[in-house]
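A.B. asks: Before anything else, here's the structure in question.
The values are calculated or read from the model by the stated rules, or taken from the named source; none is laboratory data. Model, not experiment: these values are computed from the prediction. In this analysis, Cβ positions are derived from the backbone assuming ideal geometry, glycine residues included, and neighbour counts consider all displayed protein chains. Side chains are part of the model used for accessible areas, which takes the heavy atoms of the whole protein and leaves out ligands, DNA and RNA. Shrake-Rupley method; radii C 1.70, N 1.55, O 1.52, S 1.80 Å.
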Amino acid sequence: MEKIKTIVVEDVSLELKGTLSIIRNDIPEIDVIGTAQTERDFWSLIDGGAQPDLVLLDLGLGGSTTVGVDICRRLTAQDAGVRVLVFTGELLNERLWTDVLDAGAHGIVLKTGELLTRNEVMDVMSGKRFVFNQPILEKLVERFRKSVLDESRQRSAMITYDIDEYDERFLRHLALGYTKDMISELRTMPFSTKSLEKRQADLVSRLFPEGQQRSVNVTRLVVRAIELHIIDPAGLEADD
């Protein structure tokens with residue numbers, strides 16, 4: 001097998017030494033053809049004729065968390081054949097992970113757990129996308145599990161309280177601060193203000209037990225809908 005020509009981008013000298021040690025001891029297929037500690041160093045290598053098969057890319061360069069994303073986006077745009085595997089200590093900045101994947105990265109390995117292994121490198125070089133190590137996989141599975149449970153609760157609530165798409169849309173826009181007059185003007189809500197007042201009263205009767213219905217205002221109705229998982233506060237978006 002031909003060697004995998006690789007550039008390692010890492011701004012912390014100690015961590016660069018550690019990464020090179022991992023490669024030397026555990027991933028003999030890699031041939032490190034250059035290292036870069038700054039964005040300028042990296043593009044100097046590329047402009048000087050370096051043609052890597054793989055770029056092992058840290059994200060936080062020189063205190064900036066966006067430089068790595070910028071490198072990835074520009075590199076994959078000008079050379080679709082190069083593989084980018086992110087090796088980063090950005091353990092909590094999940095938005096940064098999505099940004100670099102959108103920029104064309106083929107995988108992300110967090111600097112925790114097993115660190116970088118031969119498996120991730122070979123998976124990326126074989127053409128796989130979304131290659132992750134165990135710590136990030138655990139986070140993804142937990143997010144997936146929560147999403148599935150939330151959707152299940154919402155479906156159950158829709159059935160239990162006989163909620164249709166207009167009820168959900170009405171409650172969602174109330175949660176966003178829309179008045180009934182404003183909601184009646186939405187293209188997706190073909191109801192008059194008076195009809196919406198009746199719908200609100202009907203929702204109160206369905207979502208609250210007798211004895212609590214008389215004092216329910218819009219805010220309490222919205223809070224109740226959130227408590228019952230009818231609407232998701234993390235997914236509140238207005239209709240066009």
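A.B. asks: Counting just the residues of the stretch 131-177 that are under 20 Å from residue 205 (Cβ atoms) and either touching a strand residue (DSSP E or B) at 6+ places or on another chain (Cβ under 6 Å) or among the small types (Gly, Ala, Ser) (or both), which one comes out most open to solvent (accessible area, probe 1.4 Å)?
C.D. replies: Among them, the one singled out is 156.
A.B. asks: It is to be established whether one or more residues within the stretch 37-48 are acidic (Asp, Glu), at pLDDT below 90 and open to solvent by 10 Å² or more (accessible area, probe 1.4 Å). First the steps, then the outcome.
C.D. replies: Pass one, the stretch 37-48, residues acidic (Asp, Glu): 39, 41, 47.
Filter once more, so that each one left must be at pLDDT below 90: none.
No: zero hits.
A.B. asks: Across the stretch 190-240, what is the number of residues that are free of Cβ contacts under 8 Å to residues at least 24 places away in the same chain, open to solvent by less than 80 Å² (accessible area, probe 1.4 Å) and not charged (D, E, K, R)?
C.D. replies: The qualifying residues number 12.
A.B. asks: If you don't mind, another one. Give the residues of the stretch 100-130 that are open to solvent by 30 Å² or more (accessible area, probe 1.4 Å) and farther than 21 Å from residue 4 by Cα, sorted by residue number.
C.D. replies: If the condition is that a residue be open to solvent by 30 Å² or more (accessible area, probe 1.4 Å) and farther than 21 Å from residue 4 by Cα, then 101, 102, 111, 112, 113, 114 are the ones that fit.
A.B. asks: Still on this structure: Considering each residue of the stretch 1-31, count those that are open to solvent by 30 Å² or more (accessible area, probe 1.4 Å) and closer than 17 Å to residue 68 by Cα, and give that number.
C.D. replies: Residues that pass the stated criteria total 4.
A.B. asks: Something else: Just checking, which of 139, 146 is at negative phi, in contact (Cβ under 8 Å) with a residue 24 or more places away in the chain and not aromatic (Phe, Trp, Tyr)?
C.D. replies: Details: 146 fails: in contact (Cβ under 8 Å) with a residue 24 or more places away in the chain.
Result: 139 is the single residue among 139, 146 that is at negative phi, in contact (Cβ under 8 Å) with a residue 24 or more places away in the chain and not aromatic (Phe, Trp, Tyr).
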